[in-house]
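Structure first, then comments.
The values are calculated or read from the model by the stated rules, or taken from the named source; none is laboratory data. None of the values given here were measured: they were computed from a predicted structure. Backbone-built Cβ (ideal geometry, glycine too); neighbour counts: all protein chains shown. Areas reflect the complete protein model, heavy atoms only, side chains present, ligands, DNA and RNA absent. Shrake-Rupley method; radii C 1.70, N 1.55, O 1.52, S 1.80 Å.
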Amino acid sequence: MNGCVSVIMGSKSDLDVVKPCLKTLKDFGVKTQTHVLSAHRTPEQVASAAAQAKKNGVEVIIGVAGKAAALAGVLAGHTSLPVIGLPVATSMMGGLDSLLSTVQMPGGVPVATVAVNGGENAALLAVRILSVKYPELAEKLDAHREAMKAKTLADDAALEKELKNL
């Protein structure tokens, strides 16, 4: 395994957003630790998880939350590890509330933030961070980028053929 990412979601209802994240990390061979801990309902456990993460072998933390979405910021306030915020869409504002709560951190408490429901990108950002230490991950990222490029070029060629037949 290459590195370890802790994925902490504020509610079990966030699992559908987390699944693509976990799958991507698994595909890259990154170990994960996954928990449900709330910044508001279990603040002591959130603080402890962040403070003990490095000692537990974690190298990047992904905080997943909707609505007030304080989780990633609270995690970042208790660790020097990189924290990625993954905002979750809500029924109230479609996730804008989550996005703004995650991205608007005070000076000195950085949280890298991906798109609302952007589980795959949260994982890929974690892999990019880990690739600085693990060259195998950098190679896998290059291969992943090449595969995306090949698919896009194949789609372009298929579109051209389809349009000629109109």
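Just checking: which of the helices (runs of 4 or more DSSP H) contained wholly in segment 53-166 hold 1 or more residues that are out of contact with any Ser or Thr (no Cβ under 9 Å at 6 or more places or on another chain) and within 24 Å of Leu15 (Cα to Cα)?
71-76, 96-103, 119-131
Does Ala150 count as of a type in the set (A, V, I, L, M), open to solvent by less than 90 Å² (accessible area, probe 1.4 Å), without any contact (Cβ under 8 Å) to a residue 40 or more places away in the chain and out of contact with any helix residue (DSSP H, G or I) (no Cβ under 8 Å at 6 or more places or on another chain)? Please lay out each step first, then the result.
Working: of a type in the set (A, V, I, L, M): yes; open to solvent by less than 90 Å² (accessible area, probe 1.4 Å): yes; without any contact (Cβ under 8 Å) to a residue 40 or more places away in the chain: yes; out of contact with any helix residue (DSSP H, G or I) (no Cβ under 8 Å at 6 or more places or on another chain): yes.
Against the criterion (of a type in the set (A, V, I, L, M), open to solvent by less than 90 Å² (accessible area, probe 1.4 Å), without any contact (Cβ under 8 Å) to a residue 40 or more places away in the chain and out of contact with any helix residue (DSSP H, G or I) (no Cβ under 8 Å at 6 or more places or on another chain)), Ala150 qualifies.
Can you confirm whether segment 114-122 contains a residue that is among the acidic types (Asp, Glu) and touching a helix residue (DSSP H, G or I) at 6+ places or on another chain (Cβ under 6 Å)?
Among the residues of segment 114-122, at least one is among the acidic types (Asp, Glu) and touching a helix residue (DSSP H, G or I) at 6+ places or on another chain (Cβ under 6 Å), which makes the answer yes.
Only one of these is more than 27 Å from Asn56 (Cβ to Cβ), open to solvent by less than 20 Å² (accessible area, probe 1.4 Å) and not charged (D, E, K, R): Gly95, Gly118, Gly85, Gly107. Name it.
Gly95
For segment 4-34, enumerate the residues that are closer than 27 Å to Glu136 by Cα and open to solvent by 80 Å² or more (accessible area, probe 1.4 Å).
Within segment 4-34, Lys19, Lys23, Lys26, Asp27, Lys31 meet the criteria.
Mind checking whether some residue in segment 87-110 is out of contact with any Phe, Trp or Tyr (no Cβ under 7 Å at 6 or more places or on another chain), closer than 13 Å to Val5 by Cβ and not charged (D, E, K, R)? Spell out how you get there, then give the answer.
First, the residues of segment 87-110 that are out of contact with any Phe, Trp or Tyr (no Cβ under 7 Å at 6 or more places or on another chain): 87-110.
Imposing the further condition that a residue be closer than 13 Å to Val5 by Cβ reduces the set to none.
No: segment 87-110 contains no residue that is out of contact with any Phe, Trp or Tyr (no Cβ under 7 Å at 6 or more places or on another chain), closer than 13 Å to Val5 by Cβ and not charged (D, E, K, R).
Condition first: in contact (Cβ under 8 Å) with a residue 40 or more places away in the chain and open to solvent by 20 Å² or more (accessible area, probe 1.4 Å). Now tell me which residues in segment 71-82 satisfy that.
Pass one, segment 71-82, residues in contact (Cβ under 8 Å) with a residue 40 or more places away in the chain: 71-72, 75, 82.
Result: Pro82, single match.
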